[in-house]
1. Could you grab the Rg to Rh ratio for segment 79-151? Cα atoms only, Kirkwood for Rh.
2. Which FRET efficiency, nearest 0.05, do Phe81 and Ser120 yield, Cβ-Cβ r, R0 22 Å?
3. Roughly how big is segment 7-150's charge dipole about its Cα centre, with Cβ charges of +1 (Lys, Arg) and -1 (Asp, Glu), in debye to the nearest 20?
4. Loop only per DSSP, at most 15 neighbouring Cβ atoms within 10 Å: give me the chymotrypsin sites (Phe, Trp or Tyr not before Pro) in segment 1-96, ordered by residue number.
5. Students often get this wrong, so check it: of Lys85/Lys145; Lys84/Lys145; Lys16/Lys117; Lys97/Lys117; Lys42/Lys85, which have C-alpha atoms separated by over 31 Å?
6. Determine the gain in length on full extension of the stretch Leu44-Ala88; use 0.36 nm per residue of separation and subtract their C-alpha separation, reporting nm with one decimal.
7. For the chain, what is Rg from Cα atoms divided by 2.2 N^0.38 Å, rounded to two decimals?
8. Explain nothing, just the number: relative contact order of segment 7-150, from Cα pairs under 8 Å at least 6 residues apart, as a whole percent.
Amino acid sequence: MSGLVTPELLAHVGRKSEPRRELVTRRDIRRYAIATGNRERKYLDGEIAPPMFYLALFWPVAEREELLPDGVARDPLLPEFPLKKAMAGGLAIEYFKPIRPGDWLTATRELTAIYEKKGSSGPLIFYEVEMTVVDDAGELVVREKTTRILR
């Protein structure tokens with residue numbers, strides 16, 4: 001390996017975001033359903049949230065000047081990596097209970113892994129972030145594991 005993943009970089013593994021709490025509204029569910037083409041009546045009426053709704057609920061709101069060159073908000077959970085070009089590496093989502101209007105949900109993200117591999121065009125850095133979403137009773141609603149690749 002090229003040694004890009006240093007002990008200093010690995011020291012960030014286990015870092016957690018501040019919990020973020022949001023209220024689910026019928027209007028937000030309906031708007032998300034329309035924007036994403038979910039035409040089932042239960043979504044259009046805002047009775048239950050479509051899959052992936054939680055992502056939009058917890059997306060950071062950033063002004064244009066705060067965005068990175070690729071249009072994405074800087075993620076304060078992540079350290080400064082020596083490689084900059086990001087690619088999607090994988091997404092695993094587990095749903096435990098439906099999301100309904102009136103739910104207060106809290107999301108917490110954790111940097112769970114950083115590792116290096118050799119690719120055909122050179123070294124690659126992989127990192128994994130796990131997001132857990134719980135309701136006010138502390139019950140798990142969604143768990144998501146995202147893997148990103150840097151080259």
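1. Numbers: Rg = 15.6 Å, Rh = 13.9 Å.
Rg/Rh for segment 79-151 comes to 1.12.
2. Details: r = 20 Å, r/R0 = 0.91.
That pair, Phe81 with Ser120, gives E of 0.65.
3. Working: 23 positive and 23 negative charges, 89 e Å.
Result for segment 7-150 is approximately 420 debye, rounded to the nearest 20.
4. Values: sites: Tyr32, Tyr43, Phe53, Tyr54, Phe58, Tyr95, Phe96; in loops: Phe96.
When the chymotrypsin sites (Phe, Trp or Tyr not before Pro) of segment 1-96 are filtered for loop state and at most 15 Cβ neighbours within 10 Å, Phe96 remain.
5. Working: Lys85/Lys145 20 Å; Lys84/Lys145 21 Å; Lys16/Lys117 24 Å; Lys97/Lys117 36 Å; Lys42/Lys85 40 Å.
Distance filter (> 31 Å) returns Lys97/Lys117; Lys42/Lys85.
6. Working: separation 44, 0.36 × 44 = 15.84 nm, distance 3.00 nm.
Contour length minus the Cα-Cα distance gives 12.8 nm.
7. On the way: Rg = 17.5 Å, N = 151, 2.2 N^0.38 = 14.8 Å.
Normalised Rg, Cα atoms only: 1.18.
8. On the way: 263 pairs, mean separation 42.1, N = 144.
Computed over segment 7-150, the figure is 29 percent.
No value in this document is a laboratory result; all are computed from the given coordinates. Everything quoted here is computed from the prediction, not taken from an experiment. Note: ideal-geometry Cβ built from the backbone for every residue, glycine included; neighbour counts use all protein chains shown.
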